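As structure tokens, the structure follows; a few thoughts come after it.
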Amino acid sequence: MRNKRSWFAVPYVIWMALFVVIPIVIMAVYAFTAADPAANATQATLDNFTGMGLYLNVFLRSFWLAILATLVCLLIGYPVSYWMAKEGPRFQRLAMALIMLPMWMNFLLRTYSWMSILENNGLLNQLFRAIGLLDLLGVDHIQMVGTSGAVVLGMVYNYLPFMILPIYSVILKLDGSLIEAARDLGADSARVFRKVIFPLSLPGILSGVTMVFVPSVSTFAISNLLGGGKQTMLGDLIELQFLGGAYNPHLGAAISMVMMVIVVVCMVVMNHFGEGEEQAVML
């Protein structure tokens, strides 16, 4: 019976092999080879990795902006999740619909909408002009598109639901008897939150951090549109190697490999930390 059930996994295995394993193998081959125009062939080399030092600032900018966006999402997402979990079912359904509503719109359309809000003659600058703020500052407009702040804003707007949903799910399922027991023992609301609710919600926090950080560090559409080409991140750098004028798929594959390894390491560390926290809480 078990052997018959295993056949249901065959389509999934084929799918993973075609669209995950094989592309990674191809990327690895490209990363460790380089074109040899003289011999009209490719040769094994590590130059693609050793030459990555030229783009150290891009790596640092990508991880800094991704970390910043993740922290902002956490600071906004945790109170919202906690508030939702403490309200009634009707409010929770309404709040969930409002949070998910922007996700029904295309990702690029959402990003383009922020461009129309933040551009030099956009809605925000028009508002500042109408209330006299620009005259007070003595400027024609406030530059927002093309800054790191605009990129972080775009990442927070697009990825905030991925922080809210796992935290909300965990807090909603907390055992109320633990909170009642803490109150019976004389703990006030702040102490109950610090000693009971927050430690028990750490698995949701770690899931949210992972779900926000990974797409943030690898994004290219947000940084390209809201960054105005001035805030190059790893996703943009990889895209340039495959589609830009400096065509070098070998270097692009090497950067992708390094980024993939770093992201996997970060996920393993956070998952290990989460398992340790769960065991500590159970004890």
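The values are calculated or read from the model by the stated rules, or taken from the named source; none is laboratory data. This one's a predicted model, so the numbers in the text were calculated from it and none came from an experiment. Please note: Cβ atoms are built from the backbone with ideal geometry, for glycine as well, and neighbour counts cover all protein chains shown.
Give me the residue from the range 58-94 that is of a type in the set (Gly, Ala, Ser) and part of a helix (DSSP H, G or I) and, out of that set, surrounded by the fewest Cβ atoms within 10 Å (Cβ to Cβ).
The residue in question is Ala85.
So which pairs qualify, if the first residue must be in the range 1-27 and closer than 30 Å to Ala254 by Cβ and among the charged types (D, E, K, R), the second must be modelled with pLDDT of 90 or more and loosely packed, with under 10 Cβ neighbours inside 10 Å, the Cβ gap must be under 7 Å, and the two must be at least 6 apart or on different chains?
none
Mind listing whichever residues of the range 91-128 are among the charged types (D, E, K, R) and in contact (Cβ under 8 Å) with a residue 12 or more places away in the chain?
Arg110, Glu119
Looking only at residues that are small (Gly, Ala, Ser) and not in a strand (DSSP E or B) in the range 40-57, which one is surrounded by the fewest Cβ atoms within 10 Å (Cβ to Cβ)?
Among them, the one singled out is Gly53.
If a residue has to be of a type in the set (S, T, N, Q) and within 16 Å of the chain's Cα centre (by Cα) to count, how many in the range 68-84 make the cut?
Of the residues in the range 68-84, 1 are of a type in the set (S, T, N, Q) and within 16 Å of the chain's Cα centre (by Cα).
For the range 90-141, name all the residues that are aliphatic (A, V, I, L, M), in contact with a helix residue (DSSP H, G or I) (Cβ under 7 Å, 6 or more places away or on another chain) and more than 15 Å from Gly228 (Cα to Cα).
Those that are aliphatic (A, V, I, L, M), in contact with a helix residue (DSSP H, G or I) (Cβ under 7 Å, 6 or more places away or on another chain) and more than 15 Å from Gly228 (Cα to Cα): Ala95, Ile99, Met100, Met103, Leu123, Leu124, Leu134.
Which count do you get for residues in the range 98-108 that are surrounded by 10 or more Cβ atoms within 10 Å (Cβ to Cβ) and in a helix (DSSP H, G or I)?
7
Quickly run through the range 248-274 and pick out the residues that are at pLDDT 80 or above and polar (S, T, N, Q).
The answer is Asn248, Ser256.
Checking Ala34 against (1) more than 23 Å from Gly149 (Cβ to Cβ); (2) surrounded by fewer than 17 Cβ atoms within 10 Å (Cβ to Cβ), which test does it fail?
Of (1) more than 23 Å from Gly149 (Cβ to Cβ); (2) surrounded by fewer than 17 Cβ atoms within 10 Å (Cβ to Cβ), only one is false for Ala34: (2).
In contact with an Asp or Glu (Cβ under 7 Å, 6 or more places away or on another chain) and closer than 16 Å to Tyr78 by Cβ: which single residue out of Leu202, Leu172 fits that description?
Leu202
Please state which one of Asn125, Asn121 is in a loop (DSSP other than H, G, I, E, B) and over 20 Å from the mean Cα position of the chain (by Cα).
After ruling out the rest, the residue left standing is Asn121.
Can you find a residue that is modelled with pLDDT of 90 or more, surrounded by fewer than 17 Cβ atoms within 10 Å (Cβ to Cβ), part of a helix (DSSP H, G or I) and not β-branched (Val, Ile, Thr) anywhere in the range 156-164?
There is no residue in the range 156-164 that is modelled with pLDDT of 90 or more, surrounded by fewer than 17 Cβ atoms within 10 Å (Cβ to Cβ), part of a helix (DSSP H, G or I) and not β-branched (Val, Ile, Thr).
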